[in-house]
1. Could you list all residues from region 92-110 that are surrounded by 22 or more Cβ atoms within 10 Å (Cβ to Cβ) and more than 15 Å from residue 4 (Cβ to Cβ)?
2. From the list 77, 22, 16, which one is within 14 Å of the ligand (Cβ to nearest atom), under 16 Å from residue 110 (Cβ atoms) and not small (Gly, Ala, Ser)?
3. Consider residue 171 carefully, then state whether it is part of a helix (DSSP H, G or I), more than 17 Å from residue 27 (Cα to Cα) and not assigned by TED's automatic domain parsing to the domain that holds residue 291.
4. Give region 122-141 a look and list any residue that's within 12 Å of residue 17 (Cβ to Cβ) and either out of contact with any Ser or Thr (no Cβ under 7 Å at 6 or more places or on another chain) or without any contact (Cβ under 8 Å) to a residue 60 or more places away in the chain (or both), or say none.
5. Testing residue 154 on (1) in contact (Cβ under 8 Å) with a residue 60 or more places away in the chain; (2) open to solvent by 60 Å² or more (accessible area, probe 1.4 Å); (3) not in a loop (DSSP other than H, G, I, E, B), one condition comes back false. Which one is that?
6. Can you tell which of 48, 8 is touching a strand residue (DSSP E or B) at 6+ places or on another chain (Cβ under 9 Å) and closer than 30 Å to residue 181 by Cα?
7. Looking at region 33-53, I want the residues that are touching a residue at least 40 places away in the same chain (Cβ under 8 Å) and have a partner that is open to solvent by 30 Å² or more (accessible area, probe 1.4 Å) and part of a strand (DSSP E or B) with Cβ atoms under 9 Å, at least 6 apart or on another chain. Which pairs are those?
8. Which residues, counting only those in region 157-180, are at pLDDT below 95 and open to solvent by 50 Å² or more (accessible area, probe 1.4 Å)?
Amino acid sequence: MIVVTSGSRYIDIDAYASCMAYRELLKLKGIPAKAISTAKINESITKSLSQFDAKLDKLENNSEDEYIVIDVSNQEYFDKIIKQDRIIEIIDHHTGFESYWGEKLGEKADIEFIGAVATKIVERYEQENLLDKMNQEIAYLLMAAILDNTLNFKAKVTTLRDKNAYQKLEKITGNDSNYGEKYFLECQEDMEKNLVQAIQNDTKLEQVNEIIPYVFGQLTVWDKKNILENKNTISQTLCAFGKEWMMNLICLKDEKSYILAQNQQVKEKIEKLMGSKFKDDIMVLSEVWLRKEIIKKSFY
Ligand SMILES: [Mn+2]
């Protein structure tokens, strides 16, 4: 049996959707396959998506199994079910291991930098002329994957191919043009149910240099309003990690990042870095910035 699988620590909607979509594509081609993961699913897989009939298969180990690995190519992060000498194909969009797998698998190693690996799966359906056979649930899952991994097409990693793939999926789901807003609002609702945990789960603790404070939180939401009403919760949660903190609140509706900080020294350094001013502990940036992009800027 062919087993389509992904990473070990947790899987996000991109891996989750792509494993299932690729399993379905293999089946359409008459090849039996399963999509299996032993990893936790993270908060990008919303409740409504997890309740679809389209689900991962139950874990079954067979020494004859062969593996297709999706959305990961660094062996350190492989799902523990994978036997490396039985890998037959890798499809990923994280770079760094292209030549290693290229030597082992030849053209069956398909690794390239692109917004979402889900885009590559949509393109595989197209190449096989099977897009019209894709079921709606799989199309919705892949749409959510592209939205999540490209931050609603605002992240700098986004390519034209991601946008084209998304449009093709929209046709399958019946031109659901508001799906982006719906998807991100549902993610945000889950986040707001346990804001402290959501903040803790995405806080980077690292003294990268003199400019960036040791505690650097990030939250991505559709609408900043409810989150800013809980400024005290944010401040308390981050203060528990250290006095010098900042938070990058990405608001997709506004297409902006909001930087939160309270410590005067942190504020001064970040004002200099980003060329903007804090007002009431908030600095507005004119576009979406990812935390890793802000850190990168601090090194120049
Ligand atoms: Mn991905």
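The values are calculated or read from the model by the stated rules, or taken from the named source; none is laboratory data. Computed from a prediction, not measured in an experiment: that's the story for all the values here. Positions of Cβ are generated from backbone atoms using ideal geometry, with glycine treated the same way; all protein chains shown enter the neighbour counts. Note: accessible area is taken over every heavy atom of the protein model, side chains too, but ligands, DNA and RNA are not part of it. Shrake-Rupley method; radii C 1.70, N 1.55, O 1.52, S 1.80 Å.
1. Taking region 92-110 first, the residues surrounded by 22 or more Cβ atoms within 10 Å (Cβ to Cβ) are 92-93.
Listed by number, the list holds a single entry, 93.
2. Sole residue among the options that is within 14 Å of the ligand (Cβ to nearest atom), under 16 Å from residue 110 (Cβ atoms) and not small (Gly, Ala, Ser): 22.
3. It is true that residue 171 is part of a helix (DSSP H, G or I), more than 17 Å from residue 27 (Cα to Cα) and not assigned by TED's automatic domain parsing to the domain that holds residue 291.
4. If the condition is that a residue be within 12 Å of residue 17 (Cβ to Cβ) and either out of contact with any Ser or Thr (no Cβ under 7 Å at 6 or more places or on another chain) or without any contact (Cβ under 8 Å) to a residue 60 or more places away in the chain (or both), then 122, 134, 137, 138, 139, 141 are the ones that fit.
5. Among (1) in contact (Cβ under 8 Å) with a residue 60 or more places away in the chain; (2) open to solvent by 60 Å² or more (accessible area, probe 1.4 Å); (3) not in a loop (DSSP other than H, G, I, E, B), the lone unmet condition for residue 154 is (3).
6. 8
7. Sorted first by the residue in region 33-53, then by its partner, the pairs are 39/10.
8. 174, 175, 177, 178
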